[in-house]
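K.L.:
Here it is, the structure in full.
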């Protein structure tokens, strides 16, 4: 294992990162090609192994990111923001490593707000930053809910992640975001996966996947959620964007009291 990969593996162990490959039919990580690389990462803030006063001293943030972190007045918000950026950088770092482009540390990656609805990144390395194709071939997404922080990274295809706690949806709000077939399609997925089935669980899962898809598309909450439809076919779950008929592979897992929805655009 190279020095850079040893470095990132040590960091993931230090902060108790829960990680897994997603959207791949391969059973062994060694068989996953760069174009199929897609991985999700989760951190529980209650089990992160780091205390708040140490955040500023961690050498993962650029000067600009340090300045942003110090502007947060609430300690919990500081920790939430820090670990969101940390997991995003881990996702980008491992994507680049799959392309044999290895960085020596995370501070060479800077996450910034793009003019679109989703964050972007730049590489603070004179050699790699000259490769203008990097942002177009490496995709990531961040989400957080209470104590759970998540990210997802992908090569070649846009991705999105969303974390939700179980919630109730009023009939009025449901009409604004759900297509008539969404519940039946998603129920078929849950039955096949052995998950619990009740109305709140159904609707929270659908909302979670639609939010993740809105991030992958780049529109965020400005999207019309009724333009996104749930489809379960041939044993797989998808989200379809009616505006352009683009299809997104979808998956959802339970993590303690949360649902984690993930999507990746199909080829």
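The values are calculated or read from the model by the stated rules, or taken from the named source; none is laboratory data. What you are looking at is a predicted structure, and each value in this text was computed from that prediction instead of being measured. Note that we place each Cβ from the backbone using ideal geometry, even for glycine, and neighbour counts take in every protein chain shown.
K.L.:
Quick check on residue 139: is it out of contact with any helix residue (DSSP H, G or I) (no Cβ under 7 Å at 6 or more places or on another chain), under 26 Å from residue 16 (Cβ atoms) and surrounded by fewer than 18 Cβ atoms within 10 Å (Cβ to Cβ)?
P.N.:
Values: out of contact with any helix residue (DSSP H, G or I) (no Cβ under 7 Å at 6 or more places or on another chain): yes; under 26 Å from residue 16 (Cβ atoms): yes; surrounded by fewer than 18 Cβ atoms within 10 Å (Cβ to Cβ): no.
In short, no.
K.L.:
Going by the conditions given, is residue 83 under 16 Å from residue 17 (Cβ atoms), in contact with a strand residue (DSSP E or B) (Cβ under 8 Å, 6 or more places away or on another chain) and either modelled with pLDDT under 85 or in the same structural domain as residue 21 (by TED's automatic domain parsing) (or both)? Quick ask: steps written out before the conclusion?
P.N.:
Numbers: under 16 Å from residue 17 (Cβ atoms): yes; in contact with a strand residue (DSSP E or B) (Cβ under 8 Å, 6 or more places away or on another chain): yes; either modelled with pLDDT under 85 or in the same structural domain as residue 21 (by TED's automatic domain parsing) (or both): yes.
It is true that residue 83 is under 16 Å from residue 17 (Cβ atoms), in contact with a strand residue (DSSP E or B) (Cβ under 8 Å, 6 or more places away or on another chain) and either modelled with pLDDT under 85 or in the same structural domain as residue 21 (by TED's automatic domain parsing) (or both).
K.L.:
Kindly list the number of the only condition in (1) part of a helix (DSSP H, G or I); (2) assigned by TED's automatic domain parsing to the domain that holds residue 84 that fails for residue 214.
P.N.:
Every condition holds for residue 214 apart from (2).
K.L.:
Restricting attention to the range 214-237, and to residues there that are out of contact with any helix residue (DSSP H, G or I) (no Cβ under 9 Å at 6 or more places or on another chain) and closer than 27 Å to residue 148 by Cβ, which single residue is surrounded by the most Cβ atoms within 10 Å (Cβ to Cβ)?
P.N.:
216
Here's the yes/no breakdown for (1) surrounded by fewer than 20 Cβ atoms within 10 Å (Cβ to Cβ); (2) assigned to a helix (DSSP H, G or I); (3) at pLDDT 90 or above:
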| site | (1), (2), (3) |
| --- | --- |
| 40 | no, no, yes |
| 61 | no, no, no |
| 117 | yes, no, no |
| 132 | yes, no, no |
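K.L.:
Shifting gears a bit: Look at the range 137-196 and say how many of its residues are out of contact with any strand residue (DSSP E or B) (no Cβ under 9 Å at 6 or more places or on another chain) and not in a helix (DSSP H, G or I).
P.N.:
Number satisfying all stated conditions: 6.
K.L.:
When you look at residue 226, is it over 19 Å from residue 159 (Cβ atoms) and in contact (Cβ under 8 Å) with a residue 40 or more places away in the chain, yes or no?
P.N.:
Values: over 19 Å from residue 159 (Cβ atoms): yes; in contact (Cβ under 8 Å) with a residue 40 or more places away in the chain: yes.
Answer is yes for this residue.
K.L.:
While we're looking at this one, here's another question. Among the residues of the range 7-27, how many are at negative phi and in contact (Cβ under 8 Å) with a residue 24 or more places away in the chain? Outline the logic, then answer.
P.N.:
Of all residues in the range 7-27, those at negative phi come to 7-15, 17-22, 24-27.
Right, trim to in contact (Cβ under 8 Å) with a residue 24 or more places away in the chain and you get 7-8, 11-12, 14-15, 17-18, 22.
Going through the range 7-27 one residue at a time, the tally reaches 9.
K.L.:
Just for the range 161-198: of the residues that are in contact with a helix residue (DSSP H, G or I) (Cβ under 7 Å, 6 or more places away or on another chain) and under 15 Å from residue 42 (Cβ atoms), which one is surrounded by the fewest Cβ atoms within 10 Å (Cβ to Cβ)?
P.N.:
Here the answer is 164.
K.L.:
Going through 202, 209, 157, 148 one at a time, which residue ends up being over 30 Å from residue 12 (Cα atoms) and surrounded by 19 or more Cβ atoms within 10 Å (Cβ to Cβ)?
P.N.:
Values: 209 fails: over 30 Å from residue 12 (Cα atoms); 157 fails: over 30 Å from residue 12 (Cα atoms); 148 fails: over 30 Å from residue 12 (Cα atoms).
Going through 202, 209, 157, 148 in turn, just one is over 30 Å from residue 12 (Cα atoms) and surrounded by 19 or more Cβ atoms within 10 Å (Cβ to Cβ): 202.
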